[in-house]
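So the structure is just underneath, and the comments pick up after that.
The values are calculated or read from the model by the stated rules, or taken from the named source; none is laboratory data. These numbers come from a predicted model, not from an experiment. Here the Cβ is made from the backbone with ideal geometry for all residues, glycine too, and neighbour counts use every protein chain on show. Just the protein is used for accessible areas: all its heavy atoms, side chains included, with ligands, DNA and RNA removed. Shrake-Rupley method; radii C 1.70, N 1.55, O 1.52, S 1.80 Å.
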Amino acid sequence: MAGTAMIPLVLDVDGSVGPMAGELRLPLGDWQEAIRFGASLGRYQQFRRHVQAQLPAQHGTAWMGSGDFHHLSWLLIQHCIARQGYTAARPLRVVVLDNHPDNMRFPWGVHCGSWVRRIAMHPAVSHVHVAGITSPDIGVGHAWENYLGPLRAGKLSYWSCGVDTGWARRLGLSPAFRSFPNIDALADALSATLARERQSSYLSIDKDVFAADVVTTNWDQGQMREAQALGIIAALGGQLVGSDITGDVSSWRYATWWKRWLSAGDGQDTVINVQALAQAQAGQHALNQRLMAALAAATLTPKASAVRP
């Protein structure tokens, strides 16, 4: 049932993703300024309709380019739910490997750090696990910025290390927070949980979850090693029905003032010199090939409609 030959999908908004064997590449560069980092809900829905009109009935792992586009996972997971008929009675689990919670307040629509709430509260999603967080985004200094609804509802869990999350206990949110002394313990616990609690699952990887010596991204990075990510993928073997990857590197100067302001506030550098960009993209491409092979081996074929324990 594993080892599906479904073709990789590249949502080519920023030109950062290298060629994939047998790929379907959608040229979306005209949307870069409008969609990158964030967008109003109206503009995002326009983009969603444009993309969905071109999506095949089945595809393999989707690549979305820079981590500035992680909110495109929202439309891809919605498409997976609709295409494969997931419901509250037959739900989908979502696992996100990310250095950030992507569950932060954003009042102007949706952006790369706010999309998780929308998926977590979807009635056909049983739970979202965001794992690999070392960012202070879930620390006490940023606690107010996190959407608390999905945490309170038992629909979202944060898996972190090296972040003081004691504030969650005071708000009665302890069950939603899994804190670990190091990334080894986190990866082992997550792998064990996923292998034990078998369920149809979607995996989204933002490569800023990796340590900086594994791969270079244009966001602050976590501590995960490649072998740990591959172990988590293997734990999802025979359960995985869809996946996407973001966190490639591209250079862009925003024309929109609020995007320049907010991205600078996040410490993000999106203007990269040519030599550094080429070197970073070469490392990214090599990692993409290895991740693609692991995901293909773990993914169910389209005919496998349910996970059997």
Practice task
Take the Cα atoms of the chain, find their three principal axes, and give me the spread along each one in whole Å, biggest first.
Solution key: 46, 46, 38
Exercise for the section: Roll a 1.4 angstrom probe over the protein heavy atoms and tell me the percent of accessible area of the chain that is carbon or sulfur. Expected result: 56 percent
Problem - Distance in nm between pseudo-label sites at residue 174 and residue 189 (7 Å out along the Cβ direction from Cα) - result: 1.3 nm
Problem - Ranking by accessible area, most exposed first, for 48, 105 with a 1.4 Å probe - result: 105, 48
Handout entry: Residue order for 244, 30 - accessible surface, 1.4 angstrom probe, largest first
Key = 30, 244
Exercise for the section: Specify, per residue and in Å³, the volume enclosed by the convex hull of the alpha carbon atoms belonging to region 71-139. Expected result: 82 Å³
Handout entry: Charge dipole (the chain, unit charges on Cβ, about Cα centre) - positive-most of 72, 199, 110
Key = 199
Exercise for the section: Would you please put 74-84, 131-141 in order of how densely packed they are, using the mean number of other Cβ atoms within 10 angstrom per residue and starting with the highest? Expected result: 131-141, 74-84
Handout entry: Rounded to the nearest 10 Å², the accessible area of residue 6 at probe 1.4 Å
Key = 40 Å²
Fill in the blank from the handout: Taking r as the C-beta separation of residue 213 and residue 234 and R0 as 25 Å, the FRET efficiency to the nearest 0.05 is 0.65
Fill in the blank from the handout: Given unit charges at Cβ for Lys, Arg (+) and Asp, Glu (-), the dipole magnitude of region 168-212 about its Cα centre in debye, nearest 20, is 240 debye
Problem - Test item: Cα-centred dipole of region 57-160, Lys/Arg +1 and Asp/Glu -1 on Cβ, debye - result: 460 debye
Problem - Residue-span extension gain [residue 54 to residue 285] - 0.36 nm each, minus C-alpha spacing - result: 80.7 nm
Problem - Sum of side-chain charges, residue 105 neighbourhood, beta-carbon under 13 Å (Lys, Arg +1; Asp, Glu -1) - result: -1
Practice task
Quick one: net charge around residue 240, please, counting Lys, Arg +1 and Asp, Glu -1 for every other residue with C-beta under 12 Å from its C-beta.
Solution key: +1
Handout entry: Distant-in-sequence amide H partners of residue 71 (H built 1.01 Å from N, under 5 Å)
Key = 112
Problem - Loop GluC sites (Glu not before Pro), region 140-248, which have at most 15 other Cβ atoms in a 10 Å radius of their Cβ (DSSP) - result: 197
Problem - Net length gained if the chain between residue 7 and residue 82 were fully extended (0.36 nm per residue, minus Cα distance) - result: 25.1 nm
Practice task
Find how much the distance from residue 33 to residue 276 grows on full extension, using 0.36 nm per residue of separation minus their present alpha carbon separation; answer in nm with one decimal.
Solution key: 85.2 nm
Exercise for the section: Can you tell me the dipole magnitude for the chain around its Cα centre, using point charges on the Cβ only (Lys, Arg +1; Asp, Glu -1), in Debye to the nearest 20? Expected result: 1200 debye
Exercise for the section: Name the helices (complete DSSP H segments) of the chain with a Cα length along the long axis of 27 Å or more and a Kyte-Doolittle mean of at least -1.0, or state none. Expected result: 274-298
Fill in the blank from the handout: Inter-part gap, Cα centre of region 1-69 to Cα centre of region 196-274, in whole angstrom, is 15 Å
Problem - Convex hull per residue volume in Å³, alpha carbons only, for region 124-177 - result: 73 Å³
Fill in the blank from the handout: Ordering 17-24, 202-209 by per-residue average of other C-beta atoms within 10 angstrom, highest first, gives 202-209, 17-24
